[in-house]
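The values are calculated or read from the model by the stated rules, or taken from the named source; none is laboratory data. Remember, predicted model here, so these are calculated numbers, not experimental data. Backbone-built Cβ (ideal geometry, glycine too); neighbour counts: all protein chains shown. For the accessible areas, the whole protein counts, side chains as well, though only heavy atoms, and no ligand, DNA or RNA atoms are used. Shrake-Rupley method; radii C 1.70, N 1.55, O 1.52, S 1.80 Å.
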Amino acid sequence: MARRLALTLLLALLLVALMPAGGHGARAAGGASLPLLSNSTPVALCYPYLITASGVINLASGQSYSPWPGDVAVNASCGEGYMAVVGEDGAYFLYMSNASVSSVVALPASDVVGIYSDLIAYNVSGSVYVEGPRGLEATLELPANFSVVSFSYVDSPVLLERAPGGAFYIQSPQGLLGLNVTSPAPSGYLNGSTAYVFGYMGGAGPYLLIYRVSGSPLSAQLLSAVPVSLVPLRVYWASGSYVMALSGAGLVLIKASLTGASYQPIGSAVPVPGGYYMPLTGYSYILYRGSWEPVPGEVVGSLGNIAFVVNYAGASALAPALPTALDLSARAQVLVNVSGLLVSLRLPPGSYEVPTPSTLYVNGTQLEALGGAVEYPPRYGAPRLTAYFVRPRALVPIETFYPVTYASSGAGAALLVVPAEAIVLTQAGGQGLPPRPVEIPGEWLFGGVGPGGVALYSTNNTIIVFNYAGRPVAYYRANISYVPTYMGVYVAYGGYYVMVEEETLSGCKLTIYGPGGASSLSLPWPVALDPMTGLEVTPSGLEGPGVNLTIPVDVQTASVNGLSAAFAGANGDLYIVNLSSSEEYIMITAPQGSLKFLPLWGGELLIYNETSFTAEVVSYSDMVGGEWRVNVSASPSDATIYLNGTPIGVGSAYFYDSAMPVNVTAEAPGYAPLSYVVVPLADTSVRLSLSPAFVYARLSVSSPVPVNYVEAYVNGTPLTWAVNGSVRLLSRVPYRVDVVGFYPYNVCAPVSETIALSSNATIDLSCSLTMPVLRLFSAVEASLSLTKYGVTVFSGVIGAGQEVYMPVAPGSYNITASANGMTFSALVNATRPALYSYNVTPTAPPRPTRGTIEVYTNVSDASVEVAFPNGTPVAIGVGRVAVGVAPGAYVVSARAAGYRQVNRTVSVSAGQTVNVSIGLAPVKAVRRVSVNLSYYVIGAAVAATVVAIYLGMRYYRPGQAPGGEQEV
């Protein structure tokens, strides 16, 4: 399957590359419709969820949800673990794990100014509130009359804003930053960390300015300034070098380059993710690998650019970039696998366009959507073959051609090159083809047939393409120096294309010739398929829509034609499968030699002998003669019956053989295989009754938190399943395991998985946390407290060596632990579902290594100083000073005008605080006299003597009193 898928993709790419200039692939007008996903209008795609106006659909399972009854969704965005949905009346944040509601914001859509990831920004009276699934993320106050142009999140919320004068700014919780650009219109856009702004810088312009922005730290780095000729009125989206904007003439796509910008006017189109929608034509055009791919409907989201979710006449539909027609003649449950992305559909009978390439599981039957059309029920379903084991014998050919220099087959026809002409053998009548043979005159070296006609390579190095009426329709010059192992003709995009295969040592080389020239590629395996029916021989089996036959031999050569295939193995056996008649012919030890077996139509085989240059047409029925019929039945009735490793039926089958041992095996899910060797000597019957077979499934859980057991439903039956425990299941039977709880904490998202075991195995499940969980550990027993916004949410004791797991609501928490006078504290921002681990073992505070000197004075304007003993200042203050110092002696001083200076010496040790209070005393005033003091003394003595004489006074000497009185 993978080989055929890869080949079809390569052929499609080559055919597109070889289209002539101006060619455009048109969608075939076959009346096919797009598969509907919902009757509600699509809003956004967050795979596997499709968000519609009325609810959410899980595309992989088909399950629908209604998270906002009564409201209408108008916008949505996908984040990590959450979806943000804007409704007309409110916003809804949903878990990506199960689409359930995480939180609701009751603000109308008219207040929304931006949506990015799982965040929504609202402008309420000049305040921008950024809401997320975990609550309010940030609040930003807009400057007066500023308007929000775009919103993003880069380490923190970021707004692109425009001031009243036209200047652009970015704002985050860290502040406001100008971009030094002005614009007459709000023509800007934020795509993640890239800002696109049209405007003028320093009076020059206009330019398309591209910045790299960040919200934390707030920054804007100019990456490029591209000259442009217009400033758009609005920017709808921008990515890489492309900008989709609105100009005065309508929508315009701008592509920036180093030298300037190019403009593609689109007119009255509507922008969609990655492209635009034309209402007049009903098609969207999506930019993919530099070209515009048409997609029916208005695109909302992409599945690998192979399929798209579109708004199709007000409903949600699945639209392919390149369609394959799926024709259903019965109601079907269809599972589409697009590059690993699953879409579940319930379709009534009709014709539908499905993505190319993709794998379809229609009511359990696997079909390949590789272009063209597939149908269900298929023309040929699961293999129910009648097997014939035949031996080489003399065969009477129906028709013989000689001399034949080259032979090939395909698309229900065969080509024989003989001298002077080519003979094309087609099915006689039917499908509007002329009776066989068709003879094309000319000297031909080789050629091939295909759905588009007959290609012949002439001796003058020209490939000429003929239709099946023998008329030439195309000519291509070519220089082919080898004999191709395959050559086929296809019609695509209104032209004829010829594929030529050359076998090499490492595989094969394919060359495609078409109207636009030739192109080549190498493949690791040769081609052996019929593109008209999709039937193909691979090294491991026969594959096609509804067919998967294992080939129990090493395939050496193979040929496919319509619904028939012939392949030879290294064991010398020849296998011929004719699906149109549900018959298989196994020629035991086929004739050796240079033989080429080419299956034809209607039970015929062309055998080309490259040595004798003879081509013979023989009948399959002539190959069988004298064999005994062997009837095989099996219990249970859905058991597949294999003959020598090849499936030949379900429940019952028969084959023909004669006296040769063959191995008959029956297998069924839930039962042990049973084999039986049959040696037919007469018509006989074989009954194979199978016994139930059991396997054991062991449960393993990878989880950030301990999980002891899970609560699950196995095919709808409730089950408590212990981790490392085993349950018994039937072998190879599909079981759907829905795990709804992981215990003891039950903080993991539900998990669903489908298993089908053929032997004992371990089922590995992973826990994805749905809320924050604290993992706390302490080496000693301690008192533990957990608070949120000052409210205690937990208080208890954590044991020595114990781990504690605490599921908590998103938010910030203070953790404290204490024991024996020691403490631990931490602030935890547990805002997202994750495991937050902390060792909360209390510890003693670290011993200080420095001391502190604090000096105060009673004079407020005094200069206060702390200095080393040598006078070098440590710190100087006014009125007071406090400084941390190393242990030792220091001099503290204080001085002020009019006060006596005070100096003191203090000593400080580690961890000590020395407080020094210095009181400054004022200095007393002294009055100075300029006259000499000695004059005053002498004058006073003289005056006293005169007075004494005048008054006749006496005085006594100390030695003469009282007895000896002396008169002076």
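For residue 38, the residues whose amide H sits under 5 Å from its own are 316, ignoring neighbours fewer than 5 places away on the same chain, with H placed 1.01 Å from N. Just grab the label-to-label distance for residue 835 and residue 402, each label 7 Å out from Cα along the Cβ direction, in nm (one decimal). With each label point 7 Å from Cα toward Cβ, the separation is 8.1 nm.
Rounded, prolate or oblate, given the Cα gyration tensor of the range 321-376, with a/c below 1.5 counting as rounded? Oblate is the answer for the range 321-376, as a/c is 1.5 or above yet b/c matches or exceeds a/b. Counting charges near residue 840 (Lys, Arg +1; Asp, Glu -1) among other residues having Cβ under 11 Å from its Cβ returns a value of 0. Anisotropy class assigned to the range 842-917 is prolate, per the alpha carbon gyration tensor with a/c at or over the 1.5 cut-off and a/b larger than b/c. The phi torsions of the range 775-791, fed into the Karplus equation with coefficients 6.51, -1.76 and 1.60 and a -60° offset, translate into couplings of 10, 10, 9, 9, 7, 10, 5, 8, 7, 10, 9, 10, 10, 9, 6, x, 9 Hz, rounded to whole numbers, with Gly and Pro shown as x. With the convex hull drawn around the C-alpha atoms of the range 106-226, the volume per residue stands at 94 Å³. Packing order of peptides 663-671, 60-68, 779-787, highest average first: 663-671, 779-787, 60-68 (average count of other Cβ atoms within 10 Å over each peptide's residues). Starting from the Cα of residue 788, draw a straight line to each of the aspartates and glutamates and keep only those under 18 Å, dropping any in the same chain fewer than 8 residues away. Straight-distance partners of residue 788: 137. Placing unit charges on each Cβ (+1 for Lys and Arg, -1 for Asp and Glu) gives the range 42-276 a dipole about its Cα centre, and among 63, 123, 103 the Cα reaching farthest toward its positive end belongs to 123. Judged by the mean number of other Cβ atoms found within 10 Å, the most tightly packed of the peptides 472-479, 887-894 leads the ranking 887-894, 472-479.
Residue by residue, the range 231-247 carries 3J(HN,Hα) couplings of 10, x, 6, 6, 10, 8, 8, 8, 7, x, 9, 9, 9, 9, 9, 10, 10 Hz when phi is fed to the Karplus relation 6.51 cos²θ - 1.76 cosθ + 1.60 (θ = phi - 60°); x denotes Gly or Pro.
For the peptides 634-645, 80-91, the ranking by mean Cβ contacts within 10 Å, running from highest to lowest, is 80-91, 634-645.
Protein-only accessible surface at a 1.4 angstrom probe places the residues 292, 601 in the order 292, 601, largest first.
Can you list which of the trypsin sites (Lys or Arg not before Pro) found in the range 287-364 are DSSP loop residues with at most 14 other C-beta atoms within 10 Å? Passing both the DSSP loop test and the Cβ count: 289, 331. Near the amide H of residue 583, within less than 5 Å, lie the amide hydrogens of 386, 578, all on another chain or at least 5 residues away, with H placed in the peptide plane. Near the amide H of residue 694, within less than 5 Å, lie the amide hydrogens of 731, all on another chain or at least 5 residues away, with H placed in the peptide plane. Relative contact order of the range 628-689: 41 percent, from C-alpha pairs under 8 Å at least 6 residues apart in sequence.
Cα centroids of the range 669-744 and the range 55-124: 39 Å apart. Rounded to the nearest whole Hz, the Karplus-based 3J(HN,Hα) values (6.51 cos²θ - 1.76 cosθ + 1.60, θ = phi - 60°) of the range 811-825 follow the sequence x, 9, 10, 9, 10, 10, 9, 9, 6, 6, x, 9, 9, 9, 8, with x at glycine and proline. Once the chain from residue 766 to residue 365 is taken as fully extended at 0.36 nm per residue, the excess over their C-alpha distance is 141.3 nm.
Under the criterion of Cα pairs below 8 Å and six or more residues apart, the relative contact order for the range 225-303 equals 18 percent. Based on the alpha-carbon gyration tensor of the range 170-305 and its eigenvalue square roots a ≥ b ≥ c, which shape applies: rounded if a/c is under 1.5, prolate if not and a/b is larger than b/c, or oblate? Judged from the Cα gyration tensor, the range 170-305 comes out prolate (a/c at least 1.5, a/b above b/c).
Of all DSSP beta bridges confined to the range 628-689, the antiparallel ones make up roughly 75%.
Summarising the strand pairing of the range 821-930, around 80 percent of its internal DSSP beta bridges are antiparallel. For the pair residue 117 and residue 752 in one chain, pulling the backbone fully straight at 0.36 nm per residue adds 226.0 nm over the alpha carbon distance.
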